[in-house]
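What follows draws every value from the coordinates through simple rules; no lab data is involved. A quick note: this is a predicted structure, and the numbers were derived from the prediction, not measured. Positions of Cβ are generated from backbone atoms using ideal geometry, with glycine treated the same way; all protein chains shown enter the neighbour counts.
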């Protein structure tokens, strides 16, 4: 007998909690908004505080005998055809670390696409795992990385048979998707599990015109951000599991090791509500979003100086295997400006916030929440951007290296370099030194420099010119990049 997707265990439990007039002498200290600053209540609304209750000893009893969270997780697994699902209130940054620490362990190795998010690198640092880097498929014309190919993973396993598994990011924030079925086949041929960082793919299971999602493609575990392409709240994440290569109890234990003991029920409720929404109406909602995206793409393509990247740009031999059209990626280089300046102009003149931006592109993320009004406002702003392009043409040029020059030698484990004694040296003197920090253009959050890499002039020039052009480096010790943190010895 199938599960009832009209049920929303977390939301239903919150309703029962309020109907029973539960009185908690427990955290949170605001006590159902009674103690909250009235000014905060005016801005946030009381519903935020009303939903902020303890997960156990509040929403459920002290022994969680109501199995509220477990029922919600089972419903999610059923909705997306996974065998097990786990909720996280700490974002996919935690979930992907939990997955990595389940598949591998300190002093072991893991195949990792070099286009991984900084949260993956943080997992390598925390665990002391040796990464075996898998090169992305580079579009040298557009200076953009797409997910690695199955052949690259096959070759890496052949050279590194002791690696514990593999991790690939798909889709990328630009909408480029990997050949996950091919990569899963390679991994399983070697008897190794595949982790998919599918943070940008929460919507994929719900429409046949979207790229195949990780569980359908045969991945063992995948991590998904419900707040990115779904309608959950920020920090809402789930990780799904199938097959017999990963022990569900181990995965749950690793998540417990890293996660908070005070999960926010409001985030659980957002995940639960999104699952019900998509299980019942997801195909129709995603169909409308895809239709809207197609019309919006065509309208933007007609604007002078703006080109919308599509499957013909991103997919093909040695490029991406599939393409998600909902991230509307626009190349604005013909306007004579950078994505950084274009994004700033859209925000300051039209209060439009771009999803991501780089040296030549901006992206507008379309979801099932958008309609003709929101995309109409976007189109008006882009038309105005095109008309005012001459005011943006003074944007400094970013010196983007070739793929060969972008890659640097990994001289030691990321963990060893990160925790080594370090000094800060002027960026002009940093070439040849070993980085002791991660340096990540954000968004999209893919590190250009990793701890343990030997710094080179082309990468340093790329970052320096990027900062001058408006690039954001939030994790660098010196975000202005006047200095860079390096290993003290050598």
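How much mean residue ellipticity at 222 nm does the chain get from its helices, if each DSSP H run of length 4 or more adds -39500 (n - 2.57) and you divide by all residues, to the nearest 500 deg cm²/dmol?
Counting only the DSSP helices, I get -11500 deg cm²/dmol.
Arranged by the count of other C-beta atoms within 10 angstrom, fewest first, what order do 96, 53, 332 take?
53, 332, 96
Take the eigenvalues of the Cα gyration tensor for segment 67-268, scale each by 5, and report the square roots as semi-axes in whole Å, largest first.
Semi-axes, largest first: 25, 19, 16 Å.
Under 1.5 on a/c is rounded, so check that first for segment 403-487, then, if it is not, pick prolate when a/b is larger than b/c and oblate when it is not; a ≥ b ≥ c are the square roots of the alpha carbon gyration tensor eigenvalues.
It is rounded, given that a/c, with a ≥ b ≥ c, falls under 1.5.
By count of other Cβ within 10 Å, fewest leading, how are 215, 286 ordered?
286, 215
Can you pull the three principal axis extents for the Cα set of the chain, in Å, largest first?
Projected onto its principal axes, the Cα set of the chain covers 65, 55, 45 Å.
By its C-alpha gyration tensor, with a ≥ b ≥ c as the square roots of the eigenvalues, how is segment 437-486 shaped: rounded for a/c under 1.5, else prolate for a/b larger than b/c, else oblate?
The shape class here is rounded.
Using the Cα gyration tensor of segment 168-268, with a ≥ b ≥ c the square roots of its eigenvalues, what is the shape: rounded (a/c below 1.5), prolate (a/b larger than b/c) or oblate (neither)?
The shape class here is oblate.
Of all alpha-carbon pairs in segment 304-387, indicate the percentage at a distance above 17 angstrom.
48
Over the chain, what relative contact order in percent results from Cα pairs under 8 Å that are six or more residues apart?
For the chain, the relative contact order is 14 percent.
So what's the Cα pair-distance distribution over segment 46-104, bin width 5 Å, in %?
Per 5 Å bin, starting at 0, the Cα pair percentages come out as 4, 15, 15, 22, 22, 16, 5, 1, 0.
Going by how many other Cβ atoms sit within 10 Å of their own, how do 268, 442 line up, fewest first?
The order, fewest Cβ neighbours first, is 442, 268.
In square nanometres, what is the average projected area of the Cα convex hull of segment 1-54?
4.9
Report, as a whole number in µm² per second, the diffusion coefficient that Stokes-Einstein gives for segment 226-385 at 37 °C and 0.692 mPa s using the Kirkwood radius over alpha carbon pairs.
The Stokes-Einstein estimate is 180 µm²/s.
Taking a quarter of the surface of the convex hull around the Cα atoms of segment 17-123, what do you get in nm²?
10.8
In whole angstrom, and with the biggest value first, how far do the Cα coordinates of segment 101-142 range along each principal axis?
39, 16, 13
In vacuum, with every alpha carbon of segment 70-171 counted as one equal point scatterer, what does the Debye formula give for log10 I(q)/I(0) at q = 0.10, 0.21 Å⁻¹? Two decimals, please.
Debye curve over Cα of segment 70-171, log10 I(q)/I(0) at q = 0.10, 0.21 Å⁻¹: -0.34, -1.10.
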